[in-house]
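Just below is one structure, and these are the notes that go with it.
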Amino acid sequence: MSTFLQAGANGLMVGGIYALIGVSLTLIFGVMKIINFCQGELLMLGMYTSFVLYDQFGLDPFLAIPIVAIFMFIFGALLQFTLITRSLKDEDDDTNVLFLTVGLGILFQNLALLYFKSDYRTASSIFSDKIVSLGVITVSLPKLVSFILLIIVTALMFLLLKYTNIGKQIRATSQNKIGAEVSGIKTKSIYAATYGLGAAIAGITGACLMSFYYVFPSVGEIYGTRSFIVVTMGGLGSVVGALVSGIVLGLMETIGAVVVGSSFKDTIVFLTFICILVVKQRLKTKRG
Amino acid sequence: MKKRIGSRQILLLIMLFLVALIPMFIKTPYILSILVMTFYTASASLAWSILGGMTGQISLGHAAFMGLGAYISTLLLMNANFTPWVSIIVVFFVVGGISALLLSPCFHLRGPYFSLVTIAFGEAFRNLLTNWNYAGKGQGLLLPFGDNSLILMRFKSKAPYFYLALVMVILMYLLVKYIDQSKLGYALKTVREDEDTANAIGINPWKYKVIATFISCGLVAVCGVFYASYIRFISPDIMMQDQSVKFVLPAVIGGIGSAIGPLIGAIILTPLSEYLNATLSSIAPGANLLVYAVILIVVILFQPRGIMGWYENSKFKIKLNNWLDKLDGRKKE
Amino acid sequence: MENILEIKELSKNFKGLKAVSDVTFSVEKGAITGLIGSNGAGKTTTFNMISGVLVPSSGKILYNGKDITGLKPYHYTSMGIARTFQIMKPLKHMTVLDNVASGALYGRKGYQSTKQAKEYAEEILQNTGLYDKRYCLPGDMGTPFKKRLELARALATDPELLLLDEVMAGLNPTETDEAVELIRKINEDGTTILLIEHVMRAVASLCKKVVMMHHGEKITEGMPQEVMNDPYVIEIYLGKEES
């Protein structure tokens, strides 16, 4: 029983990371209606930013979060404003955006490889190597702090979307782009801001991850694929869905590892994902 | 209307002849290996284009199906002494069948959703093979070495592989070209353009997506048989997503949806990438993929229909055709 | 006269919203029947059910006496039913000729070779006045030609019953007259036509019978002049259309 409880606790912590990266992806989809295939690479860039801050200035990954967030926001917004927006013109042809974001993913990954080489890099935090015990369960402190941060970031994002002016504009744009434009919202800037926000959240996730995991150029692939799974399970565009399915995915992985053994857990995860996707889409088309 | 043999056909044959002569004059294994990889990539990209270009279902998991082909033929060779030549046929039907069966419930997923499923399938297969004892786990499989043997598709020099790859790419091109102009091709292209229209003129989109998947994945698995015989080492890494992207890029850059596009894309990209990889991999790892990415991004931003898309609307095409017509005209006199 | 199509108490609900309720009418073989009504009256929904895109919630569709309710849309072509779309759906990256050839290949003609299909397609293009544009991409043509292309592609499947969804919307008076002539010609060649149209002038000159829908229900049917002089119909259309 305690193995399951422990697996559950671990799953919750991992799930938190999945949820957060899922939220960032779903935010971009909700507004721009595109699947950003380089989300994992944005997370990777966030991790490296955090690593550089640690390496150069000895900054704790957790303290680096605001800097990483701001940097990634600007980076994402610029990326959207200069490149991605150009291939959004053709409304019903989304293959261009698909290839563009895939291309950007390869670009970032190999830039990182070029600059940082393929070594595994770590950054330590004041919480590193500390463990919290709750009865039979033990949880590493950085993971727990990351999980709490996840809740705070998500709550902040909700507040931002709900109450601020820009949040309202983002929501308006996501509901009806033309309607938003007619009401005087500059959707181009909103797109840039949303993409920036998505990149910032991916960066925050990366910074959290940095506190207990290592970074390498292709780390984004792992989390990128997970983020696709999370958002399709939770429903593209739904923040709550991404949160819930992120946690579910984390639990599925860790508990699955206990049940079928750690080597085949990924296979199980991918197959479950495909089943969920197919069934969901079936239900959706049936209704119409 | 009978086809006349004009300057176009003659030029093409001359070019083919010259290419076929290359191994006679260039003995450097390095250059030959670049050419083999070019033909191989072009073949895989052509196979991909049946599903991705013609039918418009962007698969990002084709490397997994290529890998399946490579694994099946290798395991058959190692355990049953099965010749790769027969494996080609086995693999085409087995991998084609498996992929069509697995992907068939996913065909009502449109656009990027389908791509996501293919990524997930690719990862699932890779994960399975990484943990499967019989298939050598993550270390992969080393094909048995030995004397030259045509039956076992095993050669010590590069030249035989060069001709194999050349024949493979020519056959693949002719097949894709044939499908493109056939009744089947019209159905596939109609499905790509608009599924509602396809329905309205009597085309069952689901059925044709299954057919396209069968052919496309089966053919890419055949490329896998060649890959295993040529490299003589396979591991789950050949099923990685970035390997799939290597099949997609030539088609996108050359021009998606035309038979010649993947060929031109591969001829431009693969030598460049192999060259960069060989010269820069020690000092600047990833430089070849970096160049890939930059080319892809530039093409997508400025010429989304690829090189062929540019060519179709260019003055160059008109000039070239005029020039060729003139050649024909002169010959008649 | 014989009826080629009979619609019996057809209804469609979208999550509780009744888009079409209890619509019954018939289409006479060889004639042109019009389906009219204001926006949101349920005309296109009815059309989508007749062409198999939507499955009716209840009711029956009989084609040549055979129940075809709920059949998949791609079975319709071989039965001899073809349709056009209100929102034009050209095959964007294929030439006009290829667009129509695709219809010919999978229509009732059952061509196996693309060469034959293209020859037949060229014939259709000549009849619909698109022959000069056969190597164009649909995107390079204006709306009138795109509408014609929709029509040509549907015709290429060699239909017995042709369903036209607003093929004249967005055309100027001259273009409308040309379209009317084209539709008349198609009908005279023996194709039964059911059309949705807002252009009353066209409906009046083409249709033998019109069916009027409003809020998902059939209001009335009859000769165009009768229906258009119906006080209730005038009330619905008042200020919206001049008839």
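We did not get these values from a lab; they are worked out from the coordinates using the rules stated. Here the structure is a predicted model, which means the values were calculated and not measured. We place every Cβ from the backbone using ideal geometry, glycine too, and count neighbours over all the protein chains shown.
Separation of the range C:171-215 and the range B:14-37, taken as the distance between their Cα centroids, equals 65 angstrom. Does anyone have the angle between helix A:95-116 and the longest principal axis of chain A? Alpha-carbon axes, 0 to 90°, nearest 10? So the inclination is approximately 40 degrees.
So which DSSP H runs in chain B come out at 18 Å plus along the axis (Cα) with average Kyte-Doolittle of at least 1.6? Sorted by number, the helices that extend far enough and score high enough are B:7-25, B:84-103, B:287-302. For B:CYS106, A:CYS275, the sequence from fewest to most other C-beta atoms within 10 Å is A:CYS275, B:CYS106.
Taken along the Cα-to-beta-carbon direction at a fixed 7 Å, the label points for C:ARG201 and C:LYS72 span 4.4 nm. Shielding of peptide B:124-136 by partners, expressed as the average count of other chain Cβ atoms within 10 Å per residue Cβ, is 3. Note on chain C: percent of Cα-Cα distances in each 5 Å bin, starting at 0 and stopping at the bin with the largest distance, equals 1, 7, 14, 18, 19, 17, 12, 8, 3, 1, 0, 0.
Identify which of C:ALA82, C:ALA19, C:ALA121 has the largest mean-square fluctuation in a Gaussian network model of chain C, with springs joining Cα atoms closer than 10 Å. Comparing C:ALA82, C:ALA19, C:ALA121 in the GNM, the peak value goes to C:ALA19.
For chain B, the relative contact order is 31 percent, taking Cα pairs closer than 8 Å that sit 6 or more residues apart in sequence and dividing their mean separation by the residue count. Across the cross-link table entries C:LYS8/C:LYS208; B:LYS207/C:LYS18; A:LYS265/B:LYS207; B:LYS209/B:LYS246; C:LYS8/C:LYS29, which are compared at the Cα atoms, the separations over 24 Å belong to B:LYS207/C:LYS18; A:LYS265/B:LYS207. Working from Cα pairs under 8 Å separated by at least six residues, relative contact order for chain C is 26 percent. Volume of the convex hull of the range C:2-127 (Cα atoms only), normalised per residue: 136 Å³. Please check: in the Gaussian network model of chain B (C-alpha springs, under 10 Å), which one of B:TYR71, B:TYR275, B:TYR134 has the largest mean-square fluctuation. In this elastic network of chain B, the residue with the biggest mean-square fluctuation among B:TYR71, B:TYR275, B:TYR134 is B:TYR134. Shielding value for B:16-26 is 0, the average number of Cβ atoms from other chains within 10 Å of each residue's Cβ. The radius of gyration of the Cα set in chain A, together with its Dmax, comes out at 18.9, 59 angstrom.
Once the Cα atoms are used to define both axes, helix A:219-234 deviates from the longest principal axis of chain A by about 70 degrees. Quick check: net charge around A:VAL260, other residues with Cβ under 12 Å of its Cβ, Lys/Arg +1 and Asp/Glu -1? Its environment carries a net charge of -1. Here, the range B:66-165 is characterised by an Rg to Rh ratio of 1.05, where Rg is the alpha-carbon radius of gyration and Rh the Kirkwood radius. Could you give the Stokes-Einstein D for the range B:258-319 in µm² per second, using the C-alpha Kirkwood radius, 4 °C, 1.567 mPa s? Roughly 100 µm²/s, to the nearest whole number. Computed over the alpha carbons of the range C:94-158, Rg followed by Dmax gives 10.5, 32 Å. Straight-line cross-link partners of B:LYS156 among the aspartates and glutamates, defined as a Cα under 15 Å from its Cα and at least 8 positions apart when in the same chain: B:ASP147. Once C-alpha pairs closer than 8 Å and six or more residues apart are averaged by separation and normalised to the residue number of the range C:178-243, the relative contact order reads 22 percent. Our note on the geometry: Cα centres of the range A:116-181 and the range B:160-231, 44 Å apart.
According to the Kirkwood relation over distinct C-alpha pairs, the hydrodynamic radius of chain B is 20.9 Å.
Extents of the range C:56-131, taken as max minus min of Cα coordinates on every principal axis and listed largest first, are 42, 28, 21 Å.
Here B:TRP323, B:TRP85 are placed in order of increasing Cβ neighbour count within 10 Å, fewest first, which gives B:TRP323, B:TRP85.
With a simple spin-label model that places each label point 7 Å from the Cα along the Cα-to-Cβ direction, the separation between B:TYR134 and B:PHE302 comes to 5.2 nm. What the pair-distance distribution of the range B:1-118 shows, using all Cα-Cα distances binned every 10 Å from zero, is 11, 28, 27, 24, 10, 0 percent. Over the range A:133-279, the pair-distance histogram of Cα-Cα distances with 5 Å bins from zero comes to 2, 8, 13, 18, 18, 16, 11, 7, 4, 2, 1, 0 percent, rounded to whole numbers.
Spin-label model, C:LYS18 to A:VAL240: label points 7 Å out along the Cα-to-beta-carbon direction sit 3.3 nm apart. Comparing A:THR205, A:THR82, A:THR225 in a Gaussian network model of chain A, where Cα atoms under 10 Å apart are tied by springs, the biggest mean-square fluctuation is seen for A:THR82. How big is D, in µm² s⁻¹, for the protein assembly as shown by Stokes-Einstein at 10 °C and 1.306 mPa s if Rh is the Kirkwood radius over C-alpha pairs? Answer from the Stokes-Einstein relation: 53 µm²/s. Taking each DSSP H run with n ≥ 4 as -39500 (n - 2.57) and averaging over every residue of chain B yields -24500 deg cm²/dmol at 222 nm.
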